[in-house]
Structure formats: structure tokens, C-alpha cells
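**Student:** The structure's right below; bear with me while I get my questions together.
The values are calculated or read from the model by the stated rules, or taken from the named source; none is laboratory data. Note that this is a predicted model, so its numbers are computed, not measured. In this analysis, Cβ positions are derived from the backbone assuming ideal geometry, glycine residues included, and neighbour counts consider all displayed protein chains. The protein model used for the area step is the full one, side chains on, heavy atoms only, and it has no ligands, DNA or RNA in it. Shrake-Rupley method; radii C 1.70, N 1.55, O 1.52, S 1.80 Å.
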Amino acid sequence: MIEVRTSNRTEVVDITSQVQEEVRKSGVRDGLAIIYTRHTTTALTINEGEKGLLEDLEDVMSRLVPRNAGYRHDIMDNNADSHIRAILIGNSVVVPVTDGRLDLGTWQRVLFIELDGPRSSRKIVVKVIAI
Amino acid sequence: MIEVRTSNRTEVVDITSQVQEEVRKSGVRDGLAIIYTRHTTTALTINEGEKGLLEDLEDVMSRLVPRNAGYRHDIMDNNADSHIRAILIGNSVVVPVTDGRLDLGTWQRVLFIELDGPRSSRKIVVKVIAI
Amino acid sequence: MIEVRTSNRTEVVDITSQVQEEVRKSGVRDGLAIIYTRHTTTALTINEGEKGLLEDLEDVMSRLVPRNAGYRHDIMDNNADSHIRAILIGNSVVVPVTDGRLDLGTWQRVLFIELDGPRSSRKIVVKVIAI
């Protein structure tokens with residue numbers, strides 16, 4: 001289990017090194033890792049962690065799924081945009097494990113995306129399965 | 001295998017309890033479950049099952065990928081919007097299994113999304129793998 | 001490992017038969033296959049390979065995430081649209097394996113999506129895990 005604290009309503013946290021540590025502890029040399037967020041207003045993706053790109057992503061998501069756009073769910077809980085963005089990005093990623101390490105490409109990072117923060121404790125489950 | 005009957009062109013069906021039953025039958029205590037739809041005009045996601053939110057999701061998808069928008073594929077089969085929405089949401093989810101149960105967060109449900117119904121039989125494959 | 005050469009900036013390549021061959025070589029009869037691209041400007045999806053539909057998908061993605069729309073990342077590398085489209089579609093797919101074969105539905109194909117080509121060598125990792 002990885003725990004993340006977030007400081008803003010939306011935010012991207014690079015969790016690659018924590019996931020790599022979970023893979024190491026598992027002892028698995030060849031297989032796959034699933035990284036799974038247990039929340040409905042956060043997402044996970046694999047991509048480049050470049051700061052400008054992550055701001056561009058936030059701009060695109062704000063245009064495609066704007067906040068406070070008259071959503072029915074906002075009457076109960078003012079975060080329909082967070083849920084819908086989470087659905088579009090996805091709440092888990094799966095990464096191959098080779099030679100005991102995440103088999104990431106040169107520019108790939110495991111990115112946790114907060115969509116309804118700040119929150120003191122976001123929980124991400126990691127399971128590593130051997131072939 | 002889970003079988004779902006749908007009643008409308010678009011519709012969300014909560015299949016959490018059926019998936020949980022497949023996990024129980026597998027006998028797996030620690031591992032992961034893959035839930036996979038074998039259709040190209042349906043999707044799967046993990047999120048909250050609140051009725052208003054699911055209507056908001058339908059509204060957003062109708063705005064982002066409207067029906068009958070002059071698609072080439074509609075000449076063959078009038079459902080290009082259904083395919084493209086399915087690609088954006090995704091056709092499988094993976095959930096960790098811990099202590100013999102789906103390791104879902106408090107608000108998480110496994111949701112099957114019909115995008116080109118009604119259909120008498122939609123088939124969803126569940127595989128449960130032990131660590 | 002599957003290697004793909006692409007000829008255009010955006011392009012869809014059907015890799016179903018190569019993935020099926022990896023499943024055969026693994027000897028796994030019952031389990032799952034993960035198909036994973038190691039690049040940050042490519043995606044993978046499971047859907048129909050109909051030519052008109054794939055052009056419709058390209059049109060929708062160009063409308064939702066247009067090229068050269070003043071992205072910050074474009075100052076470094078003129079491909080922010082490629083990264084963001086990859087995040088929306090996803091960089092891996094998981095497919096059940098039954099009786100030694102990918103358990104695909106009638107119309108399902110494994111599709112590799114180039115978003116920043118042409119490239120001489122795109123690398124896709126396949127891992128097959130037995131139940």
C-alpha cells in the first residue's frame with residue numbers, strides 16, 4: 001500500500017519510486033504489477049512527468065469536463081467533474097515486471113492524479129504477480 | 001462469465017456482486033481479478049454508482065462524442081459513437097483481491113456500460129489470478 | 001516483445017496475430033495477457049478494426065485534443081497532443097486467455113495506436129500469466 005498526501009484540488013504525484021520499492025519487496029523477477037487507486041475521484045496513468053505537459057493535461061481536462069457545469073451529482077457532492085475525469089483517465093495501471101524491475105520505457109513514470117483534493121491520505125494498492 | 005441484459009441504448013449496470021461471486025468461487029485469497037467485456041460497443045469502469053453521476057457521465061459523453069455526427073462508420077452500422085466512447089472509457093478493469101474479496105474502496109462499484117443497446121446478452125469474462 | 005514500424009504521424013496497426021503468437025509461445029492455457037507499450041506517445045485499445053471507424057476515432061481525437069493548441073510542452077517537444085491522447089486512450093490492455101488463445105469477442109482486435117510517428121521501432125511488451 002502506498003499513501004499519498006495532496007495539497008491542491010488537482011495535482012499530479014510521481015509515485016514511480018514507491019511502486020518500484022513494492023516490486024523489489026515482492027521478490028518477483030518476471031511478471032506484472034497492478035497499481036490501483038481505491039478512490040473514485042483520483043486516477044492513475046503512465047506517461048512523462050514533464051511539468052508543462054502535466055499543466056497542459058489539466059487544461060485539456062478542464063475544457064473537456066469543466067467544473068460546476070450544472071451536474072446532477074453536484075447537488076450531493078460538488079465533484080462530478082472529478083469523478084468523470086477519473087473515469088476517462090482510469091483508476092489503475094498495469095506494468096510488466098522484468099528482471100525484478102518495472103519494465104518502463106525511457107520517459108515513462110507512474111503518475112497518481114488527484115482530482116478532488118487536497119486530501120491527507122490517498123491509498124494506492126500494489127500487487128505483484130509472478131509469471 | 002457474467003451475462004447482462006440491457007433495456008436502453010445507453011445504460012449502466014452495477015455488476016459488483018456478480019464479480020464478487022466469481023472471486024469467491026475461484027478460491028483465490030490474494031491476487032487480482034480482471035473483468036473484461038467481449039463487445040466493442042460496451043465499456044467497464046470502477047466508480048461510484050450514484051444515479052445523478054451516471055446521468056452526468058452520459059451527458060458528458062454525448063457532448064464529447066455525439067451520436068450521428070457524420071461518422072464514416074455510420075454508413076455500415078449506425079454506432080460509431082458507441083465504439084469511440086467505449087475506447088475512451090476502456091473495455092476492462094483490473095481489481096486487486098485481498099482476503100478473498102475485491103479490494104474496493106468505500107464508494108467503488110464495478111460498472112458495466114452499455115453504449116449500443118438494448119441487447120439480450122452481453123458477456124463479461126472474469127479471471128482471478130493468485131499471487 | 002513485438003516491434004512495430006509506423007509510416008504516418010497517426011496510424012492504427014492491428015497487432016492481434018503477433019499477440020496471439022506470443023500467447024501460443026508462452027504455453028499458457030488459462031490466464032491473462034498484458035499488452036503494454038513502452039512509449040508515451042502511443043496507445044493500445046481493443047475494438048473493431050474497421051477502416052472508417054479508425055478514421056472517425058482520429059477525427060474525434062483531433063477535435064478533443066487538437067494539435068498545436070498552444071500547449072506548454074510544445075515548446076520542448078511539439079507533441080503535447082500525442083501525450084494527452086495517449087493518456088485518454090491508455091497505454092496497456094489486458095485480455096483473458098482461455099484454451100491457449102486470446103479470449104476476444106467476434107469483432108475485437110488488439111490495436112496499436114501511433115500518435116507521434118512515423119517511427120522505425122515502437123516496442124510492445126507482452127506478458128502471459130497462468131491462473
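**Student:** How shielded is A:19-31 by partner chains, expressed as the average number of their Cβ atoms within 10 Å of its Cβ atoms? Can you show the working numbers first?
**Tutor:** Working: counts 0, 0, 0, 0, 0, 0, 0, 1, 0, 1, 0, 2, 5.
Going residue by residue through A:19-31 and averaging, the value is 1.
**Student:** Can you pick out the pairs among A:123/B:127; A:127/C:51; A:127/B:51 whose Cα atoms lie more than 28 Å from each other?
**Tutor:** Beyond 28 Å between Cα atoms: A:127/C:51; A:127/B:51.
**Student:** Let me ask you something else. For the pairing of chain C with chain A, what total accessible surface becomes buried, with a 1.4 angstrom probe, in square angstrom to the nearest 100? Numbers along the way, then the final one.
**Tutor:** Working: alone 7640 and 7640 Å², together 12770 Å².
Interface area, both chains combined: 2500 Å², rounded to the nearest 100.
**Student:** About the Cα centre of the range C:27-131, what is the dipole size in debye to 20, counting +1 per Lys and Arg Cβ and -1 per Asp and Glu Cβ, all else neutral? Provide the component values of the computation, followed by the final result.
**Tutor:** Working: 13 positive and 14 negative charges, 85 e Å.
That gives a dipole near 400 debye.
**Student:** Just how much of residue B:111 is accessible, in Å², when a 1.4 Å probe is used and the result is rounded to the nearest 10?
**Tutor:** 0
**Student:** Please work out the ratio of the alpha-carbon Rg of the range A:1-93 to 2.2 N^0.38 Å and round it to two decimals.
**Tutor:** That works out to 1.25 for the range A:1-93.
**Student:** Measuring from a point 7 Å out along Cα→Cβ, what nm distances, shortest first, does residue B:7 have to its partners in the other copies?
**Tutor:** Distances to the matching label points in the other copies: 5.0, 5.0 nm.
**Student:** Okay, moving on. Can you give the average number of partner chain beta-carbon atoms within 10 Å of each beta-carbon in peptide C:34-42, as a whole number?
**Tutor:** Mean partner shielding for this stretch: 6.
**Student:** Where the centroid of each part is defined by its Cα atoms, how far is the range C:58-131 from the range A:94-123 in Å?
**Tutor:** 17
**Student:** Under 11 Å from the Cβ of residue A:110, count the other residues' Cβ atoms, weight Lys and Arg +1, Asp and Glu -1, and hand me the total.
**Tutor:** Computed value for this residue: -1.
**Student:** Can you give the FRET efficiency to the nearest 0.05 for residue A:106 and residue B:17, using r as the Cβ-Cβ distance and R₀ = 35 Å?
**Tutor:** The formula returns an efficiency of 0.25 here.
**Student:** Out of C:73, C:91, C:60, whose Cα points farthest toward the positive end of the dipole of the range C:53-97 (charges: +1 Lys, Arg; -1 Asp, Glu; placed on Cβ)?
**Tutor:** C:73
**Student:** A further question on this structure: Given the whole protein assembly as supplied and a 1.4 Å probe, what does the accessible area of residue C:75 come to in Å², nearest 10?
**Tutor:** We get 150 Å² for residue C:75.
**Student:** Express the relative contact order of chain B as a whole percentage, based on alpha carbon pairs under 8 Å and six or more residues apart in sequence.
**Tutor:** About 55 percent, as a whole number.
**Student:** Taking the label point 7 Å from Cα in the Cβ direction, how far apart in nm is residue C:55 from each other copy of itself, listed shortest first?
**Tutor:** Once sorted, the set of distances for residue C:55 reads 3.9, 3.9 nm.
**Student:** For chain B, give the percent of accessible area contributed by carbon and sulfur heavy atoms, probe 1.4 Å, rounded to a whole number.
**Tutor:** Working: 2370 of 5170 Å².
For chain B, the apolar C and S fraction of the accessible surface comes to 46 percent.
**Student:** Still on this structure, I have one more. Count charges around residue A:72 for me, please; just the other residues with Cβ under 10 Å from its Cβ, Lys/Arg as +1, Asp/Glu as -1.
**Tutor:** Within the 10 Å Cβ shell, the charges total -4.
**Student:** Sticking with this structure for a sec: Of C:36, B:27, A:126, which is farthest towards the positive pole of the protein assembly as shown's charge dipole, taken about the Cα centre with +1 and -1 on the beta-carbons of Lys, Arg and Asp, Glu respectively?
**Tutor:** B:27
**Student:** Whole number in Å², please: accessible area per residue of the range C:58-131, 1.4 Å probe, ligands, DNA and RNA not counted.
**Tutor:** About 38 Å² of surface per residue is accessible.
**Student:** Additional query: Using a cut-off of under 15 Å, list every residue of the range C:96-131 whose amide N is near the label point 7 Å from the Cα of residue A:130 along the Cα-to-beta-carbon line.
**Tutor:** The answer is C:129-131.
**Student:** Please report the net charge: other residues with Cβ closer than 15 Å to the Cβ of residue C:6, K and R +1, D and E -1.
**Tutor:** Net charge in that neighbourhood comes out at +1.
**Student:** Follow-up question, since we're still on this one. Under 18 Å between alpha carbons, and skipping anything fewer than 8 positions from residue C:25 in its own chain: which aspartates and glutamates qualify?
**Tutor:** Once the sequence-local aspartates and glutamates are set aside, what remains near residue C:25 is A:30, C:3, C:99, C:103.
**Student:** Per-residue Cβ counts within 10 Å, from other chains only, averaged over C:74-87: what number is that?
**Tutor:** Working: counts 3, 1, 4, 5, 0, 2, 8, 2, 0, 9, 8, 1, 4, 14.
Mean partner-chain Cβ count within 10 Å for C:74-87: 4.
**Student:** So, one more: What are the extents of the Cα atoms of the protein assembly as shown along their three principal axes, listed from largest to smallest and rounded to whole Å?
**Tutor:** 50, 47, 44
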